[in-house]
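The structure appears below as structure tokens.
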């Protein structure tokens, strides 16, 4: 696996990223970040009371039209770091008391991340490494990461391929994500927690309910549960925040309703799901979108 003809993700663009050619992810060989700080808005077993050491990577291989982190996935806001500096950032987050190192949108930087994690471990890092991804992953890439990732925090966005094609330009998303999830569970077949309820190893599958698409959500959750049962945790998110105005897809211009989310939860209960995280109250607020102000990225801007 190499960057000279990049096929790290399912897009398989084949561009030479070492020459700064850019494919779907919009990145060359250099690593770009938007933020590296303690983050308290993940699942309880990830954030805990100390906070997750979230490292927000720039660029993305999926490009959902409703992306809540569009300013960094599109590379409008980005700061370059070396691999050595990335390893230092992991260690600095550990010094700040982070419960884990949380790699947010890491897919296209998998090779660089692996090198940085190994460097940080050589420097004393012992925290769990969380791979926080869209689910649109290549099995071969996940296998290359097997010795450095402890927790997979993955989306399973679509059971409906036509919806995936419209909203994420990835009609193959369901089949790709299913194969990726199978590999994640192969690597981490059991969820392991410490005495404080913090996850040390395992798989959490996130699903974001999109307004007007309860049917897709029911089918997605049903697939995950019928395939893996309580071997994975399912996180049901209602936090969709409209960040675009779409005349073509007007349902995306609003938040999900309480009734839509209740329909999904009722279905989850009927299925018999027990290992689940749910969101209660009015969570679709901008507080879930952090300030991408480069906190913790360069030494001179650290707080």
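The values are calculated or read from the model by the stated rules, or taken from the named source; none is laboratory data. Just so it is clear, the model here is predicted, and its values are computed rather than measured. Here the Cβ is made from the backbone with ideal geometry for all residues, glycine too, and neighbour counts use every protein chain on show.
Values computed for the structure shown
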item	result
Total residues in region 36-71, condition surrounded by fewer than 19 Cβ atoms within 10 Å (Cβ to Cβ) and over 20 Å from residue 173 (Cα atoms)	8
Failed item in (1) within 18 Å of residue 109 (Cα to Cα); (2) under 20 Å from the mean Cα position of the chain (by Cα), with residue 85 passing the rest	(2)
Those residues of region 169-178 which are surrounded by 15 or more Cβ atoms within 10 Å (Cβ to Cβ) and under 13 Å from residue 9 (Cβ atoms), in sequence order	170, 173, 176, 177
Extreme residue, modelled with the lowest pLDDT, among residues of region 270-281 that are in contact with a helix residue (DSSP H, G or I) (Cβ under 9 Å, 6 or more places away or on another chain) and either surrounded by 18 or more Cβ atoms within 10 Å (Cβ to Cβ) or outside any helix (DSSP H, G or I) (or both)	279
Qualifying positions in region 214-238 - surrounded by 19 or more Cβ atoms within 10 Å (Cβ to Cβ) and either at positive phi or assigned to a loop (DSSP other than H, G, I, E, B) (or both)	232, 238
Any hit, region 36-49, residues being at pLDDT below 95 and more than 16 Å from the chain's Cα centre (by Cα)	no
Residue 185 vs. criteria at pLDDT 95 or above, in a helix (DSSP H, G or I) and within 17 Å of the chain's Cα centre (by Cα)	yes
Some residue of region 255-269 being modelled with pLDDT of 95 or more and part of a strand (DSSP E or B)	no
Selection count where residues are touching a residue at least 12 places away in the same chain (Cβ under 8 Å) and in a loop (DSSP other than H, G, I, E, B), scope region 14-27	6
Top-ranked residue in region 286-303 [being part of a loop (DSSP other than H, G, I, E, B) and loosely packed, with under 11 Cβ neighbours inside 10 Å; ranked as modelled with the lowest pLDDT]	303
The listed residue being in a helix (DSSP H, G or I) and either under 25 Å from residue 197 (Cβ atoms) or over 15 Å from the mean Cα position of the chain (by Cα) (or both), out of 125, 142, 163	163
